[in-house]
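Throughout, read-outs are computed from the coordinates displayed, never taken from laboratory work. As the structure is a prediction and not an experimental result, all values here were calculated from the model. Neighbour counts are summed over all protein chains in view; Cβ atoms, including those assigned to glycine, are modelled from backbone coordinates with ideal geometry.
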Amino acid sequence: MAPPPPDPLPTQPPAPAAPASGRLIAGQFTVDLARPMPGWGAGQDCFVATDTKSGRADHMALLVRRDAPPRVQAVNSLATMPIEGILTPVAHGPAMGPRGVPAWFVVTQAPPGPALWGPHAPAPVAWHEQDLLRDVLRPIAQALERLQARHVTHRGIRPANLFRARPGDPATLGCAWAAPAASLQPAIFEPPYAAMCLAGGRGEGTIGDDVYALGVTLLVLATGRVPMAGMDDAAIVRRKLEVGSFAALAGEVRLSPTIGDLIRGMLAEDPDHRPPPVLLADPAAARARRVAARPPPRAQRSLEVGPVTAVNLRTLALAIATAPEEGVRQMRSGAVDRWLRRALGDSTTAVQLEEVVRRREAEQPAEDLVADSTMATRAIALLDPLAPVVWRGVALFPDGLGGALAGAAGQEGERLLGEMVAAEAVGSWAAMRPERCDPVLLRVEAHQNKQLQHARGLGGGTARLRYGLNPLLPCRSPLVGEALVARLPELVPALEAMAADERRREGVPMDAEVAAFIVARSDVPVAGELARLGEARTPEAAALVVLRLLVWLQMRQRIAALPNLAAWLGSRLEKLLDGWHNRPLRARIAEALAVHVKAGALPRLLDLLDDRVAKDRDAGEAAEAARLVARIEAEIGELEAGAAGRAASAREVGHEVVLGVGMTALTLSLIATLVM
Amino acid sequence: MAGKVAAAPAKARSWIWAQGLACGLLVATAPPLAVTLAVLFAPAAAALVVAMENGRRIGRVLLVYGLAAALPWLDVLWNSARDWAACLDLLGGMRLVGLCWGAQAAGWLLAEGIPLVSRLVLETRVRARVARLRDARGRLEEEWGLLEEGRGGARRLAPDA
């Protein structure tokens, strides 16, 4: 780890000051944006925070990046009861951030003093063994023990995140819950399997991972320098897997026997082989505990897979993870199988791998990228059960999927993660290493994630999964602008504020991000409504569905009026008036629409435009009117076409009348003749 | 079917034969009467020959009207049936001829005029009905927007569209 550049700012925690400006966090803390604390936040921006109850500025507010949500469960768990020796979070919430952009903050106690390493620390020197054991190992191990008892991991242990007021004081662990677990850790401090993952996808891990980081921290402090400096992350991971972490980090370093033995145990590749925190609290006992872990057998000759040279099973897994297409090609061609048998002499693994390849050949057509990737995932899990889930070069642990999705949003990685979820790669991975996880549970979770992602219409996809797995991830839709919308009640006001700018009113105030956010944050099912939004054939039909959703949100949050959103939707919904046939009724509805838009009454707009009974009645009456007009036209046509018939009829009737008159006259004449 | 078609002209021919026989008997037995009747009913005979449409209805009307006028003169006609001098006096007096022809003329006028009047009444009533229907249609179209939406499957645009 390269030390951060020196910082001219003070090396002591900020002194109490006037209350900070901005919104209260948890009703108690204010953030003083004018007093940043660069270098104190373990990689995150942080500011002085003031407890308004005590009036003391003895807290620190860490700014949460929008693509790196905080560890909610850990924060909530620790906030209820602080742990000694750790800067536990005391509150979290939104407040006004730098440049007037609202942000989420996690408030912790201020560090007792400068970090052991970094811009505010004294010049790096090799620590004495007793100081290391007394000031670092024992207090941190005890803190980890307490964390373990709370079922929480730290995942941020490194010299720059350890603080103490003065030499001789026990070190205090800094905060590590304002970002996804281990996402800010340099690769050197993480086990290689976590280091090869996406930053946000390293998962909560186990307390053993914290022990590993503590071991590297002890090594750095014991030697006064950072091992493997100047190497990139990929090279560090490769080296650790090739020769083992201890050999890679401390192979050429002279350590005291006590420290050396401790670190050797702490840097074991298998977390189960690392000493637990309770044992580390007693260094003598921890040193005595030795787990017989044989180094992985090394092949007589190496195997080139892409840019990685495989020399053992671990590096072979890494090679396939790094170059999956080449790895799959060599597996299907039998090259890997031959190498395993002849160069490594591991026929058991070769048979198992052969079964994986045979399964792929039997299940899917020859050219199927998903099948190839699934086979690579299975092969990696088989070759190295400690390895994370790897999908086409993207690695993560299953519980890190949320953080990985948050970090990869809008990037190529998001597509790959979506593919991984769709293929239920986690289930395939778990099935290959049942002794190290609960494959049934992981398979069920993978299937559930796939179902969420496959939800039809808006409200599905990786966005749905992203918001579902990250309860505090803010909505990243451009429709909310820079507003911080992390919870459902914050959505409608943000949309309303954005709608105030008429130039932003394009389409409807709903997109895939907003829809996914609503589905994920809502406690009632709205996916069906959003599916209808995706199926809407016209913009006005889509606007009506959006109106229905916004009305639901408005009534749920008891928001009185939304004039901007009403104006936005009203302009889109005007075309719906064409659906009303009766012109006088349409005119009346248009008049009422204008009134309700002006008042911002979305429910009334919906009542007006979505009155099914009235619309059915209108349609029925319109059809009746059309039928009546058709009958009228037919009758007019008949009347106009019947002129000749009427003329003939009139002539006939006229003749009959005349004849009748004549016959009458004839009869009278006959009677008169006979009488006379 | 063919038998029925052939039977109709045969029946008509039988009437013609009967009429011819009657006329022949009249001419043979009472030539003055035949001449008198021929003169008196010459317009009706002409109409029967000329106006053959509608079953020679005009001719029949004239015949009926002529008969109604001539019937009071039946005894005179009967007495002069075989007397050429009386017959010529009767015809030369022009009273009977004028009366009979006048009646036939009146019949003809009525036969031509009453259908016209009847047709005029009918057409007036039809036009009024069509006007009412068009008015109702216009109101329906305006109220329900049927001009824009089209009728009978064919879209009719509004005048200002």
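Some observations on this one:
- Straight Cα distances below 14 angstrom link A:Lys53 to none of the aspartates and glutamates, with same-chain residues fewer than 8 positions distant left out.
- Projected area, mean over directions - chain A, Cα convex hull, nm²: 48.1 nm²
- The convex hull drawn around the Cα atoms of segment A:428-553, when projected onto a plane and averaged over every direction, covers 8.7 nm².
- Put in order of Cβ neighbour count within 10 Å, fewest first, the listed residues A:Val278, B:Val117 become B:Val117, A:Val278.
- Averaged over the residues of B:59-72, the number of partner chain Cβ atoms lying within 10 Å of the residue Cβ comes to 5.
- Highest mean first, the peptides A:594-603, A:555-564, A:258-267 sorted by other C-beta atoms within 10 Å per residue fall in the order A:258-267, A:594-603, A:555-564.
- Extent of segment A:433-481 along its three principal axes (Cα atoms, max minus min coordinate, largest first): 47, 24, 12 Å.
- Averaged over the residues of peptide A:627-634, the number of Cβ atoms from other protein chains lying within 10 Å of each residue's Cβ is 5.
- Amide H partners (placed H, <5 Å) of A:Arg35, local residues excluded: A:Val48
- Per-residue shielding of B:103-109, expressed as the average number of other chain Cβ atoms within 10 Å of the residue Cβ, stands at 2.
- Whole-number percent relative contact order across chain A, with pairs defined as alpha carbons under 8 Å at least 6 apart: 9 percent
- Amide H contacts of A:Thr172: A:Phe163, A:Arg164, each under 5 Å away and 5 or more positions distant or on a separate chain (H built 1.01 Å from N in the peptide plane; Pro and chain starts excluded).
- Amide H contacts under 5 Å for A:His92: A:Val107, restricted to partners 5 or more places along the chain or on a different chain, H placed in the peptide plane at 1.01 Å from N.
- Computing FRET efficiency as 1/(1 + (r/R0)^6) for A:Asp131 and A:Asp523, where r is the C-beta to C-beta distance and R0 is 56 Å, gives about 0.60.
- Over the protein assembly as shown: helical MRE at 222 nm, DSSP H runs n ≥ 4 each giving -39500 (n - 2.57), nearest 500: -18000 deg cm²/dmol
- Counting neighbouring Cβ atoms within 10 Å and putting the fewest first, the residues B:Cys87, A:Cys197, B:Cys23 line up as B:Cys23, B:Cys87, A:Cys197.
- Partner aspartates and glutamates for A:Lys240 [C-alpha distance under 16 Å; skip if fewer than 8 residues away on the same chain]: A:Glu190, A:Asp209, A:Asp232, A:Glu252, A:Glu269, A:Asp270, A:Asp384
- Per-residue HN-Hα couplings for segment A:416-424 [Karplus 6.51, -1.76, 1.60; θ = phi - 60°; Hz; x = Gly/Pro]: 5, 5, x, 4, 4, 5, 4, 8, 6
- Ordered by the number of other Cβ atoms lying within 10 Å of each residue's own Cβ, fewest first, A:Val357, B:Val39, A:Val524 fall into the sequence A:Val524, B:Val39, A:Val357.
- In whole angstrom, segment A:303-441 maps to an equivalent ellipsoid with semi-axes of 24, 16, 15, each derived as √(5λ) from the alpha carbon gyration tensor and ordered largest first.
- Here segment A:469-610 is described by how far its Cα atoms reach on the three principal axes: 51, 28, 27 Å, from widest to narrowest.
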